[in-house]
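Visitor: Just passing along the structure, written as C-alpha cells.
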Amino acid sequence: MSSNRPYLLRAIYDWISDNNLTPYVLVDASVEGVRVPPQVVKNGQVVLNLAMRAVANLDLGNDWISFQARFSGVSQSIHIPVRAVLALYAQENGQGMMFPAEEEGDVPPPTSPSDDDKTSSRSATPAEDAPKRGAHLRVVK
C-alpha cells in the first residue's frame with residue numbers, strides 16, 4: 001500500500017491556504033535527496049514558506065515536493081522527498097500536522113486483531129492514541 005503522507009500534505013496545504021493562512025513546511029534536511037540552500041539549514045532541519053506568493057511552480061507530488069523560491073534575492077530550485085517532511089502547519093497559529101520520521105522502505109507493522117476482536121471490527125481508538133483536543137504544533141525559533 002502506498003504512503004498516505006503525500007495525500008495528507010496536499011489536503012493540509014489546501015486547508016491552510018483556503019483559510020488565508022501561510023503554509024510552512026518543516027523538513028529533515030539530512031534525508032537523502034533534500035535539495036535546499038545550505039545556509040537555511042539549522043540543526044539539520046529547515047522551515048520553508050510554501051505560500052503561493054513565496055514560491056513558483058509548486059508541485060506537491062506523491063514522491064517529491066518541488067518549487068522555485070528566492071533566498072537572498074537568488075532564485076533556487078528546491079526539491080524535497082515527501083518522506084523528509086516532518087510537519088506542515090499554518091505560520092499564524094501553528095495548526096497543521098506533524099509526521100513521524102520514516103526510513104525509506106518502512107512498512108507499518110501488520111496488525112492482528114485480538115481473539116475478542118475477530119468477530120467485530122474495531123471502531124474506537126484507544127484513549128492514549130487519540131489526539132489531544134485543541135493541541136497544535138508550535139514552532140520555536
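Coordinate-derived values only; no laboratory data. Note that this is a predicted model, so its numbers are computed, not measured. Because the Cβ atoms are built from the backbone with ideal geometry, glycine has one as well, and the counts that use them run over all protein chains shown.
Visitor: Just grab the label-to-label distance for Asn62 and Asn43, each label 7 Å out from Cα along the Cβ direction, in nm (one decimal).
Guide: Computed distance between label sites Asn62 and Asn43 equals 3.5 nm.
Visitor: Shifting gears a bit: Tell me the net charge near Gln76. Cut-off is 10 Å between Cβ atoms, Gln76 excluded, with +1 for each Lys or Arg and -1 for each Asp or Glu.
Guide: +2
Visitor: Under 5 Å between amide hydrogens, which residues at least 5 positions from Thr22 or on another chain qualify, with H placed 1.01 Å from N in the peptide plane?
Guide: Under 5 Å from the amide H of Thr22: Gln91, Glu92.
Visitor: So which trypsin sites (Lys or Arg not before Pro) in region 18-95 are both in a DSSP loop and have at most 10 other Cβ atoms within 10 Å of their Cβ?
Guide: Filter output for region 18-95: Arg53.
Visitor: Right, next: How much FRET efficiency would the formula 1/(1 + (r/R0)^6) give for Arg35 and Asn93, where r is the Cβ-Cβ distance and R0 is 30 Å, rounded to 0.05?
Guide: Values: r = 29 Å, r/R0 = 0.98.
For R0 = 30 Å, the calculated efficiency reads 0.55.
Visitor: Between Ser72 and Ala11, what FRET efficiency comes out of the Förster formula 1/(1 + (r/R0)^6) with R0 = 22 Å and r the beta carbon distance, rounded to 0.05? Provide the component values of the computation, followed by the final result.
Guide: Working: r = 32 Å, r/R0 = 1.47.
E between Ala11 and Ser72, to the nearest 0.05, is 0.10.
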